[in-house]
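Scroll down for the structure; my scribbles are underneath it.
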Amino acid sequence: MSNRQHDGSMIAVCNLVKNYGKVLAVDDICFSVPKGICFGLLGPNGAGKTTTIEMMEGILKPTQGTVYYQGQPIGPHFQEKVGIQFQNTAIQDFLTVRDTLELFADLYPQQKSIEEVIELCSLADIIDRDTRKLSGGQRQRMLLALAIINDPEILFLDEPTTGLDPQARRNFWTLINNIKQEGKTIILTTHYMDEAEYLCDDIAIMDHGKIIARGEPKELLGDHFKGIKIQVPDRGREAILKLIKESKVENGKIEFFTKNIEASIKTLLENKIDLTGMQVIAPNLEDLFLLLTGTSLRN
Ligand SMILES: Nc1ncnc2c1ncn2[C@@H]1O[C@H](COP(=O)(O)OP(=O)(O)O)[C@@H](O)[C@H]1O
Ligand SMILES: [Mg+2]
């Protein structure tokens, strides 16, 4: 691809490869990300997400390929445009959250005001606390604040909610949406498919260093699944399998996809199938990953 094809995109990667010795961590991937969206790199542990995002950040040299910022290969000034929330950041001891924000702000020529960052990242109630005494969720909020203190155009978040409890994850999602509202471009990695569905406008699913699916979450699901999933406890499967040809048995349940829930349920009821315990489930990205790879994300 020539540079021209990346015109209009905020950041793009082209033929990106990374080898660690014999390990092919990233295997020739290409994608581009328009301005102002939240782009998600999804995949299980070891898929190559961190390696990819670190090459995009300009902190890891690709074995092959190029990262483009606004249509041009990234250069020395790229770092000024980005904010990075690392999976682990060393924070100096004996400082409060406010001290830490001020320390980091001083490193950059361009800054957001500390008060604005406190507001955006909901830090008001912990601003005077010793940074060693923060909960996991509070620490992530502080690291997010540090990542946006230079008012970056692109914000990189590598598994920002891993290890947080559900409540803290939800809170964090709200903050990310606030930052998106400001028109920032966000690149996020996650192995939580619900997180990607909630936050991302566009996703790339990675497995073994390759991109195996790419698009808007809703579109991807629409392309791969024929409607909604219905599950009925298996109390004698013959009748249902006869009525609905494309049904199959999974974990003691009979399941099938339908675009017309009413008609399907009517057919089952007319044939005196006991529907006690029936579930109607919209397929999610977790199901998509299973469909594409044959393995569950969590393995
Ligand atoms: N510094 C490194 N040296 C050798 N192998 C690495 C290194 N970093 C990552 N890898 C390997 O590259 C692959 C992709 O890793 P990574 O990008 O961290 O995946 P993810 O972030 O999706 O979990 C894995 O097989 C991992 O073991
Ligand atoms: Mg990783």
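A viscosity of 1.567 mPa s and a temperature of 4 °C, combined with the Kirkwood radius over Cα pairs in Stokes-Einstein, give a translational diffusion coefficient for the chain of 61 µm²/s. Bridging of residue 259 to lysines at a Cα separation below 20 Å is possible for 218, 226, 229, 242, 245, 248, once same-chain residues fewer than 8 apart are set aside.
Accessible surface computed residue by residue for segment 1-147, with neighbouring protein chains in place and a 1.4 Å probe, gives 50 Å² per residue.
Exposed loop sites here are trypsin sites (Lys or Arg not before Pro) assigned a DSSP state other than H, G, I, E or B and surrounded by at most 11 other beta carbons within 10 Å; excluding them, the longest clear run of the chain is 23-244. With a simple spin-label model that places each label point 7 Å from the Cα along the Cα-to-Cβ direction, the separation between residue 260 and residue 115 comes to 6.2 nm. In terms of accessible area, using a 1.4 Å probe and ignoring ligands and nucleic acids, 151, 165 rank largest first as 165, 151. Full extension of the chain between residue 173 and residue 98 yields a length gain of 24.8 nm, computed as 0.36 nm times the residue separation minus the alpha carbon distance. Given their separation in residues at 0.36 nm each and the Cα-Cα distance between them, residue 235 and residue 162 gain 22.4 nm when the chain is fully extended. Would you mind classifying segment 226-282 by shape? Square roots of the alpha carbon gyration tensor eigenvalues, ordered a ≥ b ≥ c; an a/c under 1.5 is rounded, otherwise it is prolate if a/b is larger than b/c and oblate if not. Cα axes put segment 226-282 in the rounded bin. Among 42, 120, 134, the largest mean-square fluctuation in a Gaussian network model of the chain (Cα springs under 10 Å) belongs to 134. Only the Cβ atoms of Lys and Arg (+1) and of Asp and Glu (-1) were treated as charged; on that basis the dipole of the chain about its Cα centre amounts to roughly 960 debye. Remark: spin-label model distance residue 90-residue 194 equals 3.6 nm, labels positioned 7 Å along the Cα→Cβ axis.
Measuring only protein heavy atoms, the 1.4 Å probe finds residue 280 accessible over about 80 Å². Take every Cα pair under 8 Å whose residues are at least 6 apart in sequence, average their separation, divide by the length of the chain, and the relative contact order is 20 percent. Each Lys and Arg Cβ is given +1 and each Asp and Glu Cβ -1; about its Cα centre, segment 226-282 then shows a dipole of about 120 debye.
Of the residues 137, 40, 208, the one whose Cα sits farthest toward the positive end of the charge dipole of segment 3-222, with +1 on the Cβ of Lys and Arg and -1 on the Cβ of Asp and Glu, is 208. Between helix 261-270 and the chain there is an angle of about 30 degrees, using the helix long axis and the longest principal axis of the Cα atoms. Estimated at 0.36 nm per residue, the fully extended path between residue 63 and residue 267 surpasses their Cα-Cα distance by 67.7 nm.
The GluC sites (Glu not before Pro) of segment 149-218 that meet both conditions, a loop assignment by DSSP and at most 13 other Cβ atoms within 10 Å of the site Cβ, are 182.
Summary value for segment 38-181: 29 percent relative contact order, contacts being C-alpha pairs under 8 angstrom separated by 6+ residues. When the charge dipole of the chain is built from unit charges on Cβ atoms (+1 for Lys and Arg, -1 for Asp and Glu) and taken about the Cα centre, the candidate among 267, 279, 188 whose Cα reaches farthest toward its positive end is 267. Of the solvent-accessible surface of the chain, computed with a 1.4 Å probe over protein heavy atoms with every protein chain present, carbon and sulfur atoms account for 48 percent.
Rounded to the nearest 10 degrees, the inclination of helix 166-181 to the longest alpha-carbon principal axis of the chain is 60 degrees.
Note on the chain: with a GNM built from Cα contacts shorter than 10 Å, the maximum mean-square fluctuation among 103, 275, 188 falls on 275.
Would you mind telling me which residue in 90, 196, 12 has the biggest mean-square fluctuation in a Gaussian network model of the chain, where springs connect alpha carbons within a distance under 10 angstrom? Greatest mean-square fluctuation among the candidates belongs to 90.
The values are calculated or read from the model by the stated rules, or taken from the named source; none is laboratory data. Computed from a prediction, not measured in an experiment: that's the story for all the values here. Glycine also receives a Cβ, built like all others from the backbone with ideal geometry; neighbour counts cover every protein chain displayed. All accessible areas refer to the heavy atoms of the entire protein, side chains included, with ligands and DNA or RNA removed. Shrake-Rupley method; radii C 1.70, N 1.55, O 1.52, S 1.80 Å.
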